[in-house]
Amino acid sequence: MGKYQTLAKEIVKNVGGKDNVIGLIHCITRLRFTLKDESIARDQVLKDMEGVVTVMKSGGQYQVVIGNHVPEVFEDVMQLLDLKEETNASESKKSEKILDRAIDMVSGIFQPILSIMAACGMLKGLNTLLVTLELYSADCGGYFIINAAGDALFTFLPLFLGYTAAKKFQLKPMLGLAVGAAMCYPGIQAGTLSAGAEPLYYLLDNTMFRSPVYIDFFGIPIISVDYTGTVIPVILAVWFASKCEKLFSKFIPDLVKFFFVPMLTLLVAIPVSVIFLGPAATFGSTLISEFTLAIRNISPMIAGGIVGLTWQILVIFGMHWGFIPVYINNVQTLGYDNVMMPFFACTFATSAVVLAIFFKTKDKKLKEMAIPNFISGIFGVTEPAIYGILLPLKKPFMISCIAGGIGGAFYGFCNFRKFILGGMGIFELPNMMNPDGSMGNILVAFAGIAISMVAGFVLTMIFYKEKDIAEETDKATEKEIEKATEQIEKQENGTVGEIKIYSPLKGKTIKLEDVEDEAFSSGMLGKGMAILPEDGVLYAPMDGTISVFFPTGHAIGMTGDNGVELLMHVGMDTVQLEGKGFQPFVAEGDKVKKGQKLLEFDRKLIKEAGYSLVTPILVTNVEEIGRVVPAIEDAKQIQIGEELITVEMEI
């Protein structure tokens with residue numbers, strides 16, 4: 001164990017223990033858990049923990065944001081979990097939307113090679129810079145060797161992605177590597193086939209998809225595509241190979257399975273990939289490129305502004321991973337990217353906002369955080385600044401988005417480009433030098449940095465005020481005083497100290513200690529009652545806000561206007577249904593009124609699947625507000641809107 005073993009133990013404990021963890025990977029700042037049941041992870045405990053910036057739930061992952069030292073924490077956590085790094089998060093049985101699955105897939109495939117990709121990109125950029133400065137020439141041996149070190153990953157990217165995608169799709173990694181190698185095999189590359197040879201004919205002539213055909217596969221034409229450096233074709237090929245392997249494993253006798261399964265997998269997967277999947281992915285990339293270029297043709301400045309304005313928001317939800325293939329595809333197919341590159345402005349806008357806060361704040365803790373986060377942001381890692389400073393202060397985060405949008409609009413207007421993949425923050429700059437040696441693009445890069453930083457710094461100095469926080473605190477204090485006074489007055493009148501929670505369901509009441517799930521019956525998750533529902537509709541038991549609505553639809557967290565925090569959990573282990581049979585009618589963050597429909601659930605489907613319908617209704621913040629007393633006896637019929645629980649307030 002390393003120096004973060006205490007932190008690691010607390011993290012594992014509060015995500016629900018190692019038995020609740022299916023898989024774990026990490027990116028630059030976050031531990032990305034795949035949990036069996038996110039509802040038992042203690043979000044607030046983790047958020048309040050020293051060494052944890054915040055907790056996020058996105059893309060089918062439970063994300064614990066650590067900061068720049070996440071690799072060390074990851075190593076210590078992995079030792080506690082007894083997991084292999086290649087544990088596939090897709091084993092999770094939780095419900096995921098298509099977008100969530102796509103984000104999880106992309107992050108899982110690219111995460112293992114991101115650091116190497118950044119390093120190789122920096123080598124290529126450094127090589128270009130030193131040649132531009134005429135420290136050596138592009139035809140010397142030193143240049144070729146350094147370029148080989150930097151360019152190898154990008155040239156043979158399908159090999160790397162074949163390996164990582166195989167882990168993601170539960171294919172044997174060496175088989176995935178073989179698929180990637182086949183995609184790079186010189187005999188099927190467009191450049192090799194066309195060298196000194198005339199195509200037999202063209203498919204889809206007179207369209208944007210016009211493709212030469214040099215060879216066929218027993219009469220089936222093979223569209224000539226150069227797969228070196230591509231992304232999507234090999235991912236599709238490995239995905240298809242994983243399906244083939246599973247199919248053949250069912251039928252091949254164990255005696256010969258060792259070599260027959262991989263042989264048949266390659267025999268089927270490679271032809272299908274080069275005949276159908278690879279060309280289809282290439283055509284899809286062509287459509288994406290044409291579409292994005294068409295938008296930029298309308299207004300590059302507006303397009304760049306939108307990218308710059310929204311990028312940090314995408315980072316918060318972990319959705320920025322889904323756009324990485326677009327960026328890579330453009331560099332690999334066009335030789336540059338100018339569609340996603342306006343996000344480069346956000347790094348420096350964020351850093352400038354943090355720097356301005358350093359000068360304006362009188363809070364010592366905030367000052368201590370500002371400088372390290374500023375430096376981290378300049379080097380391209382903005383999550384610590386976002387989660388540690390900007391989001392909690394709210395207004396500075398909005399300012400950083402606006403400043404990023406201003407810089408992004410400038411970059412879009414100037415057709416700012418990046419020619420080489422890799423690098424982060426200031427280390428990306430060498431990769432923005434035009435291969436022909438001209439300095440126009442790099443000057444645009446510096447100008448955009450200046451514009452973004454000036455905009456972020458000036459806007460923060462003007463609009464961010466420490467007294468905003470004080471005023472909000474004062475208002476909050478005033479509200480608390482008013483609320484306490486009101487409670488005291490009511491208590492004197494003999495009417496409170498009590499808050500009534502009404503039944504959200506029609507059914508039969510059950511004492512909480514009789515619920516079969518120990519997490520509920522023990523009272524560990526809160527106090528209250530349970531109901532065996534007779535109808536499949538759940539209504540709001542009080543006025544308040546939906547604080548949590550789990551993606552599977554089986555559990556709802558609600559914070560009442562009276563301060564009571566409720567958890568309504570429909571059935572036992574119904575998270576395993578992956579959202580089937582649940583139809584939400586509200587969303588997280590919605591304000592609701594007592595009696596408003598929140599959820600419909602299919603009682604028949606749940607019962608046929610073998611799950612209990614018993615639904616606990618829990619007050620989860622008992623220790624903060626008082627005592628919970630059932631307002632109705634056990635094993636009694638209760639109607640929607642009847643009094644279920646009384647919370648006796650302690651004033």
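Can you put 359, 218, 419 in order of accessible area, largest first, using a 1.4 Å probe?
Highest to lowest solvent-accessible surface, that is 218, 359, 419.
Give the carbon-plus-sulfur fraction of the accessible surface of the range 500-628 in %, rounded to a whole number; probe 1.4 Å, heavy atoms of protein chains only.
45 percent
Taking H placed 1.01 Å from N in the peptide plane, check which residues at least 5 places from residue 626 or on another chain put their amide H under 5 Å from its amide H.
Those qualifying (amide H under 5 Å, at least 5 residues apart or on another chain) are 650.
So, for the range 509-651, what is the accessible surface per residue at a probe of 1.4 Å, expressed in square angstrom?
Details: 6510 Å² over 143 residues.
Heavy-atom accessible area per residue stands at 46 Å².
Please give the solvent-accessible surface of residue 277 in Å², to the nearest 10, using a probe radius of 1.4 Å with every protein chain present.
40 Å²
Sort 151, 573 by heavy-atom solvent-accessible area, probe 1.4 angstrom, most to least.
Largest accessible area first, the residues go 573, 151.
Probe radius 1.4 Å, ligands and nucleic acids left out: which of 66, 220 has the largest accessible area, and how do the rest follow?
Accessible-area ranking of 66, 220, largest first: 220, 66.
Got a number for carbon plus sulfur as a percent of the range 138-245's accessible area, 1.4 Å probe?
Roughly 67 percent, rounded to a whole number.
The values are calculated or read from the model by the stated rules, or taken from the named source; none is laboratory data. Here the structure is a predicted model, which is why all the values come from computation and not from measurement. Surface accessibility is based on the protein's heavy atoms, side chains included, excluding ligands, DNA and RNA. Shrake-Rupley method; radii C 1.70, N 1.55, O 1.52, S 1.80 Å.
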